[in-house]
Structure formats: C-alpha cells, structure tokens
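These notes are about the structure you will find just below.
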Amino acid sequence: MLKKLFQSFRSPSRRTQHKRSTPEVLNSSQHSLQKAQFSRYAVNIVERLQNAGYQAYLVGGCVRDMLLNITPKDFDVATSATPEQIRAEFRNARIIGRRFKLVHIHFGREIIEVATFRANHPQDEDEDSNQSSRNESGRILRDNVYGTLEDDAQRRDFTINALYYDPVSERILDYANGVHDIRNRLVRLIGDPTQRYQEDPVRMLRAVRFAAKLDFGIEKHTVAPIRKLAPMLREIPSARLFEEVLKLFLSGYAADTFEMLVDLQLFDPLFPASFEALEHNPTYTHTLISEALINTDLRIQQNKPVTPAFLFAALLWPALPGRVLHLQARGMPPIPAMQEAAHELISEQCQRIAIPKRFTLPIREIWDMQERLPRRSGKRADLLLDNPRFRAGYDFLLLRENAGEQTEGLGEWWTDYQDANDAGRRDMIRDLGSKDDATGSGPRKRRRSTAGKRKRSAGSDE
Ligand code: ATP
Ligand code: MG
C-alpha cells in the first residue's frame, strides 16, 4: 500500500540528505493525502491565513499519520504569522504560552493549535551571552526565536514530523526526507542525534513513543546515543515528565513502549525504584507491569476509561515490599511500615515525575485496599464492596495474582462473592470461619512473603 502511495518518489542516496534547505515537493498525484480528510476547521485556518498574505501549512503528526492511514489525534498548523497577527485574524483565538507562545483557535470542542515558524537557537551565538538559552550540557532552556519555514523544518525533532501539507495547492513540502522515512518505517532525528538529544532529552522518549505507536524502527544513528544520554532525563522538570509519561503509557501502545524504554535504559531515570525492583526480582516485576500495560492498551482499544492512578499503582507496587521489609527490620510493625513505605515511595517518585495529588491519593487507596481485601469477616466484605475504590482494588488484586503472587485464592473468592446472592454471600462469610484473620494485621504480609519465597525457591529470578 505504502509502496503504491509513494511509487513516484525517488529515495535519497546519501544519509546526509535528511537535512536540506530546498524541499522535495510532492504534488497531489505523488501522494495520497486529500484535503477533505483533514479537519475542515484546520483547512479553513490555513486558507484564511494564506488569504491574509501569510504562509500557512498543516504540519507534524497529522500529516504523518494521514500518510500512514492513521486517524490523527489533532491537527497542527504552522504559519509565518506571529501570535498577535493570528489573533487579529480570528475572533475565537487565544494566545497561550509556556515554553513558547502558541495560539489556540476554538471551534466548539475542537481546538486547532497554530504555531508561528520558529528556529533553533544557533549554539555559538549564545556562548558569550549572559542570557544563554542553553545550560552547560547543551539543553535548550528557552526557544522562542521566530524563523522561516526552512528554520521551522530544521528545528523539528524527527524527519517524519517535518512534513508540511498545503491544502490549497495540495502539495507536500518535505525538507528532511520524511516521506522516505515513512515509506521505510523509520524514526530518524533531523541533524546530529547527540546534539539534538542534548538540546532536549525528551526527544529520546518521543523517539520511543513514535516507534511504538507507528510500529517503526528507530534508525541506527538515532538510537545509538540513547543509552549513554538517558541519564539526562533527570534534568527535565518533573511536571513536563509527567505529561510525557502519560503520553507514553496512555496512547494505546504502552506494553511495547515499556519494553523499548527498558531496553534503551530510559526506564531507570523515569522510575528509579521500579527499575531497582526490576533488577532484583525481574520475572515478577516485569510480569506485573506488562500485564497492567497490556490491560491498559486493551481498554483504550475498546474505548474504556483508564486512570493514571491504576497505572502508577502498578508501576510502583513492585518497589514496595523491599521497603516494607526494611522498615520492619528497623522495628516498625507491619501496617505502619506499609503506610510509611508507600508514602516514601510516592514522594521520591514525585521528585522525578510530578504525579498530581488527584492521582497519588487513589494510588494509596488502591494499595490500602490490598491490605483490606483479605479481611472479610462479619460485615467487612459488604462494606468493602460498597467502597468506591473496590473495583480498582479488586482488579489490582487479580493483577498481582497473574504476576505470581500467592493470595490463597483471594481473587477467585471475591469474584464469586460479587456473583453470589445474599444467601450465598452469608454462606461464604460463614465458611471463612477461622481462616479469616479478623484482626487483619498478618495475612497480606504473610502471603506476600510466601510469594517471595516461592519465587526464590523456583529460582526464576535469582
Ligand atoms: P501526536 O500528536 O500524534 O502525539 P505529534 O507529532 O503531533 O504527534 P506533538 O507533540 O503534538 O507531536 O508535536 C507537534 C510537532 O511539534 C511534532 O510533530 C514535531 O514536529 C514538533 N515537536 C514537538 N516536540 C518537539 C521537540 N521536543 N523537539 C522538536 N520538535 C518537536
Ligand atoms: Mg500533535
């Protein structure tokens, strides 16, 4: 299919050709894009900007995804107009600015992001300046310089993201041989990979994200510096990493993404405690995290809601037992040790990835639930069923069992209990008899340490 789409496009012969100042121009007979496939609001914006005398194109993910027959997440427009000039053209436009001023144009629930062409900061220019836009490792701290269309293409991250589509002339401008890389299914950085990662280490995560989402390979020069530069992710503000991690794990390709992150040593700087657990107890940790991610991907495929809290609860859970045991060894009783370990683990993790309170609270609740699910006597089981976190807690219990934790059939018991009628439930509680630990301080811990012993004696991990 792709072959047919690009049959008239000649592939470049030299590797250096992925950076050029004149674009390859593909007219409408040389590519498969059709104006009608794009958001009519986005097309409208481009037309209006062009009529007002500016350059304007659809750009980035939407062009890339359309060429691959994937429905784009959103539609981005790039233009020579400044944010103020864009706002002057559209009543429904709002300037927003964090790292860079952008314009959001609102059409009901659809928002089209319009960005002014911008350039990379030339490195030399900053060297003598007190107001350097880079830090000593080359990371760009501010990048707010407007530029030409050519500059804009060169400052983008990957060749496949630097394609500009003009819906008026129906031509694609390709400055970086992105069409070639789409055809060959390759994620390739524009420019020198080491320098581009030093400018913005998040590009390492983006390489993984696009490779997983598009099922592309990462070109060998693009992948080569990643393992060495991965620790640079520690310098990225934790709030930005939170956003990036959500994109990594909530885009429907989390399981593949996780494998790639581990392989490229990018998981360690993001989740140091979980990485340690992965080293210590690889089979169990890997299974638990992968299962959680496979479930997440499935739910997204089925359009079911997913909560970041469940995801983070699973990513961090394997790091808990070691900490609990450590605190207990220092004389802390099991329940306070568990509480303290959970608290410490989450606050350490938040220094890397700023998980907001609205998610850290539910993480704690899902974990607390693990302690309460074994204690079912009297009215406890029914009270738990009524708890708004029951479902998440129960799903989490099944996840732990799937990863090999021994819970003496607790998951199955809860499955049956939910299905049973009132009389059945009364019988189930009565049958618990002395098996249930009404005081509740022990079973979870005992069971988890049994699970640990089982794993060790099976020799699977050590
Ligand atoms: P998707 O929206 O499907 O996740 P996208 O390619 O549109 O993918 P965005 O994060 O929306 O990704 O960014 C839009 C465009 O901005 C990208 O296609 C890329 O050209 C550019 N871009 C984004 N982040 C960076 C970065 N860190 N460095 C360089 N260019 C970037
Ligand atoms: Mg996008």
> For segment 183-211, what are the residues that are within 23 Å of LEU67 (Cα to Cα) and within 16 Å of ligand 2 (Cβ to nearest atom)?
Replying inline: VAL187, ARG203, LEU205, ARG206, ALA207, ARG209, PHE210
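Results for (1) outside any helix (DSSP H, G or I); (2) of a type in the set (Ser, Thr, Tyr); (3) farther than 19 Å from TRP317 by Cα, shown as yes or no for each residue.
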position: ALA392; (1), (2), (3): no, no, no
position: PHE396; (1), (2), (3): no, no, no
position: LEU399; (1), (2), (3): no, no, no
position: GLN406; (1), (2), (3): yes, no, no
position: THR415; (1), (2), (3): no, yes, yes
position: ALA423; (1), (2), (3): no, no, yes
position: MET428; (1), (2), (3): no, no, yes
position: ASP431; (1), (2), (3): no, no, yes
> Filtering segment 287-308 down to residues that are without any contact (Cβ under 8 Å) to a residue 12 or more places away in the chain and part of a helix (DSSP H, G or I), which residue is nearest to GLN265 (Cα to Cα)?
Replying inline: LEU298
> What number of residues within segment 185-199 are in contact with a Leu (Cβ under 8 Å, 6 or more places away or on another chain) and not hydroxyl-bearing (Ser, Thr, Tyr)?
Replying inline: 4
> For segment 238-271, what are the residues that are among the hydrophobic types (A, V, I, L, M, F, W, C), away from ligand 1 (no atom under 14 Å from the Cβ) and not in a helix (DSSP H, G or I)?
Replying inline: LEU264, LEU266, PHE271
> Hey, among LEU316, LEU311, LEU385, LEU361, which residue is closer than 24 Å to ARG426 by Cβ and assigned to a helix (DSSP H, G or I)?
Replying inline: LEU385
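Per-residue answers, yes or no, for (1) over 15 Å from the mean Cα position of the chain (by Cα); (2) buried (at least 20 other Cβ atoms within 10 Å of the Cβ):
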{"site": "ASP192", "(1), (2)": "yes, no"}
{"site": "LEU205", "(1), (2)": "no, yes"}
{"site": "LEU214", "(1), (2)": "no, no"}
{"site": "ARG234", "(1), (2)": "yes, no"}
{"site": "VAL262", "(1), (2)": "no, no"}
>> Looking at segment 16-43 only, could you name the residues that are surrounded by 15 or more Cβ atoms within 10 Å (Cβ to Cβ), within 31 Å of the chain's Cα centre (by Cα), away from ligand 2 (no atom under 16 Å from the Cβ) and among the polar types (S, T, N, Q)?
In response: SER32
> Among the numbered criteria (1) under 13 Å from TYR41 (Cβ atoms); (2) of a type in the set (Gly, Ala, Ser); (3) at pLDDT below 95, which single criterion is violated by ALA93?
Replying inline: (3)
>> Go through (1) in contact with a Phe, Trp or Tyr (Cβ under 9 Å, 6 or more places away or on another chain); (2) more than 18 Å from THR116 (Cα to Cα) for ASN69 and report which single condition fails.
In response: (1)
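The values are calculated or read from the model by the stated rules, or taken from the named source; none is laboratory data. All figures in this text were calculated on a predicted structure; none of them were measured in a lab. Counting neighbours? That spans all protein chains shown, and the Cβs are built from the backbone with ideal geometry, glycine included.
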